[in-house]
Amino acid sequence: ISAGQSAQASFFGGNVGIGVATPLTRLQVQMVTGSTTFEIARFTTSDFVNATSGSALKIISGAATGNTYSELQALSAGTTAWNNLIINSGGGRVGIGTTSPATTLDVNGAATFGGAVTINSGTQLSLHESGVLKGRIQTAAGVLYLDAPSGNVILRPGGVAVLTLDTGLAATFAGAVT
C-alpha cells in the first residue's frame, strides 16, 4: 500500500487504515469529507473493464458523513448491469436481526415484500405469534390448505368476515350462499 497525494494509508498494531490515521480494525476505510462519490470498496473479476465487461461487488455508503445507510451491489458488464448477489450458496443459514438463525433465512422482525411470495408445492408458511404456532398455509398436490391448530379460520375479503370455520367444525356464512 502506498499513499499518494489524495490517499492516506496507515499501519498501527497490524491494522490498516485508508483515509484514517488510527484504524480501529484490521482494515478500516474512511470516506473523505466533501467526497461526491460514496463507493467505499470495489472488488472485480480479472477481466473487469469499467463500463464494458466483468463483474464487480461494490460496498457503498449513502453519504460521506452523518447517519446514513450502507449498500452491497452485485454488478456485471463492467458495472452497467445488475447481477445476482448470492449469500451462502454452499449451505448454511442467513440471519437478519439475529446471530443464530434457526432456518435457511431467519428474519427477526417485520418483513415487507414488494412482489410475489412463492410457496412451492409440499411446503408451508407457518404463522407464529410470540413463538406460538397460530396457523399454516400449505400446498400439496394442487390443493391449498389453511390450518389454525388452536382457533378459528376466518376468511375476510375486504376486511369483512364472510366465512368462519370454528374448532367444532361449524361453518358460519355472512350473507347469501350460492
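The values are calculated or read from the model by the stated rules, or taken from the named source; none is laboratory data. The shown structure was predicted, so the numbers you read here are calculated from the model rather than taken from an experiment. For neighbour counting, all protein chains shown are included, and Cβ atoms are generated from backbone atoms with ideal geometry for every residue, glycine included. The protein model used for the area step is the full one, side chains on, heavy atoms only, and it has no ligands, DNA or RNA in it. Shrake-Rupley method; radii C 1.70, N 1.55, O 1.52, S 1.80 Å.
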Test item: Cα-centred dipole of the chain, Lys/Arg +1 and Asp/Glu -1 on Cβ, debye | 120
Ignoring ligands, DNA and RNA, what accessible area per residue does region 23-130 give at 1.4 Å, in Å²?
-> 74
Which order do Lys58, Lys134 take by accessible area at a 1.4 Å probe, largest first?
-> Lys134, Lys58
Residue of Val160, Val29, Val117 that the Gaussian network model of the chain assigns the largest fluctuation, springs spanning Cα pairs under 10 Å = Val160
HN-Hα couplings for region 89-99 via Karplus (6.51, -1.76, 1.60; θ = phi - 60°), in whole Hz with x for Gly/Pro, come out as 5, x, x, x, 10, 10, x, 10, x, 8, 9
Cβ charges +1 (Lys, Arg) and -1 (Asp, Glu), total dipole of region 13-111, debye | 120
Using just the alpha carbons, could you tell me how many Å³ per residue the convex hull of region 17-109 encloses?
-> 158
Given a Förster distance of 22 angstrom, what is the FRET efficiency for Ala171 paired with Thr139, based on the Cβ-Cβ distance and rounded to 0.05?
-> 0.50
With every protein chain in place, region 55-142: carbon and sulfur % of accessible area (1.4 Å) | 51
Taking R0 as 41 Å, what's the FRET efficiency between Ile40 and Leu163 from their Cβ-Cβ distance, rounded to 0.05?
-> 0.15
Quick one: if you stick a label point 7 Å off each Cα along the C-beta vector at Thr98 and Ala77, how many nm between them?
-> 3.8
So what's the gap between the Cα centers of region 142-178 and region 103-137, to the nearest angstrom?
-> 20
Would you work out which of Asn152, Gly135, Leu163 lies farthest towards the positive end of the dipole of region 50-178, given +1 charges on the beta-carbon of Lys and Arg and -1 on that of Asp and Glu, about the Cα centre?
-> Gly135
By what distance, in whole Å, do the Cα atoms of the chain stretch along each of the three principal axes, largest value first?
-> 80, 37, 33
Probe 1.4 Å, all protein chains in place: accessible area of Ser100 in Å², nearest 10?
-> 80
